[in-house]
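Enquirer: Right, I'll just put the structure down here and ask away after.
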Amino acid sequence: MTSNTAQQDAAVADKSILANSAYADGRHLAARQSIYRWQQPQYDLPGIVVEELVDTEGTVLDIGCGNGKFVNRLHKDRPDLQVVGMDISAGILADVEKPVLVADAQALPFADDSADAVLALHMLYHVSDIEATIKELARILRPGGVLIASTNSDTDKQELDQLWARAAGDVLGIPEGPARVSLSSRFSLEKARSYLGTAFKDVRVRRLPGTIEITDPAPIVAHLASYEAWADQCGVPFHETVGRAAEMAAVTIETEGSFKITCLGGILVCQP
């Protein structure tokens, strides 16, 4: 592991960056989510969670709920459930349907066996101690309950990684620049089963492959720019690199008709 990667990994789990910058509001998260509008096939992720909770009754805790995409859908589709959204950032909870709670996933303010289902969707890579956090999620889950986690593969959106490295290299005047910050690498799809297996006997993986095809650089720019909270860890002038990446993407679109991005995410359904 290079020192740059170690620095990036530490920043991805930095509570101050998460609460006060990356997720101070929903702007950056919405920008990252928006690129999936151009993915085929389309996946209704909240719908998949609703489907996985079909046999669940009682209390559902969404840990690291972000802008409430899943909380709000559960309130709509499963009004019989007691759904609570939690996040380390008070700001991002502003538009999430209540009740919500500001809490740290590594020290949850809930008693043992108090939830019938726990959601940890695209968030376990943000905690400093992943194994301890998974044990904490298992602690609050009742016997027979379910944990639903999600993350991306190490191979997810490699084309954007390559674009960033080439753009960063151009900005720095070298063949290839530093890698962009990877949010999911600490708890990638390839690592997730092993991590979750420390506290859960049954871990089922639903792989969600797809291809994003872009004919306008704007969604790429929005996605790359949404990592601004980690600009200091990139080792390159951030906004100049985003601008250069936009120029390169435009050339690809002009010459090839589109910019294609290969995606692989997954949902992991876990039972004790």
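Enquirer: Report ³J(HN,Hα) in whole Hz for each residue of the stretch 137-150, in order, from the Karplus equation J = 6.51 cos²θ - 1.76 cosθ + 1.60 where θ = phi - 60°; Gly and Pro get x.
Expert: For the stretch 137-150, the Karplus curve yields 5, 5, 4, 7, 8, 6, x, x, x, 9, 10, 10, 10, 8 Hz.
Enquirer: What translational D, rounded to a whole number of µm²/s, comes out for the stretch 159-261 from Stokes-Einstein when the hydrodynamic radius is the Kirkwood one over Cα pairs, at 10 °C and 1.306 mPa s? Spell out each step's value before the answer.
Expert: Numbers: Rh = 15.4 Å.
Using the Kirkwood radius from Cα pairs, D works out to 103 µm²/s.
Enquirer: ³J(HN,Hα) across the stretch 180-185 via Karplus (A = 6.51, B = -1.76, C = 1.60, θ = phi - 60°), whole Hz, x for Gly/Pro?
Expert: 6, 5, 9, 6, 8, 4
Enquirer: Next question, about the same structure. What are the ³J(HN,Hα) values, in whole Hz, obtained from phi via the Karplus relation 6.51 cos²θ - 1.76 cosθ + 1.60 with θ = phi - 60°, for each residue of the stretch 164-172 in sequence order, with x given for Gly and Pro?
Expert: Taking θ as phi minus 60°, the curve returns 4, 4, 5, 5, 4, x, 4, 5, 8 Hz for the stretch 164-172.
Enquirer: Do the sum for the chain: with -39,500 (n - 2.57) for every DSSP H run of n ≥ 4, divided by all residues, what is the mean residue ellipticity at 222 nm, to the nearest 500 deg cm²/dmol? Before the final figure, lay out the partial values.
Expert: Numbers: 9 runs with 96 residues, N = 272.
Per the formula, -10500 deg cm²/dmol.
Enquirer: Can you give me the long-range amide H partners of D156? Hydrogens built in the peptide plane at 1.01 Å from N, cutoff under 5 Å, separation of 5 or more residues or another chain.
Expert: HN-HN under 5 Å from D156: L264.
Enquirer: Based on other C-beta atoms within 10 Å, arrange Y125, Y23 from fewest to most. Could the numbers behind the result be given before it?
Expert: On the way: Y125 20, Y23 25.
Ascending Cβ contact count within 10 Å gives the list Y125, Y23.
Enquirer: Can you spot the lysines whose alpha carbon is less than 28 Å from K98's alpha carbon? Ignore those fewer than 8 places along the same chain.
Expert: Straight-distance partners of K98: K15, K69, K76, K135.
Enquirer: In what sequence do H75, H239, H126 fall when counting other Cβ within 10 Å, fewest first?
Expert: Values: H75 16, H239 11, H126 23.
Lowest to highest Cβ neighbour count: H239, H75, H126.
Enquirer: Rg over Rh of the chain, using C-alpha atoms and the Kirkwood radius, what does it come to? Mind dumping the intermediate values first?
Expert: Numbers: Rg = 18.8 Å, Rh = 19.3 Å.
When Rh is taken as the Kirkwood radius, the ratio is 0.98.
Enquirer: What relative contact order, as a whole-number percentage, does the chain give when Cα pairs under 8 Å and 6 or more residues apart are counted?
Expert: Working: 545 pairs, mean separation 63.2, N = 272.
Once normalised by length, the contact order is 23 percent.
Enquirer: Calculate I(q)/I(0) for the stretch 98-228 by the Debye formula, one identical point scatterer on each C-alpha and no solvent, and give its log10 at q = 0.10, 0.15, 0.21, 0.22 Å⁻¹ to two decimals.
Expert: One equal scatterer on each Cα of the stretch 98-228 leads to -0.45, -0.84, -1.23, -1.31.
Here, each number is a calculation from the coordinates, and none is a lab measurement. Fair warning: this is a prediction, and the values are worked out from it, not measured in the lab. Because the Cβ atoms are built from the backbone with ideal geometry, glycine has one as well, and the counts that use them run over all protein chains shown.
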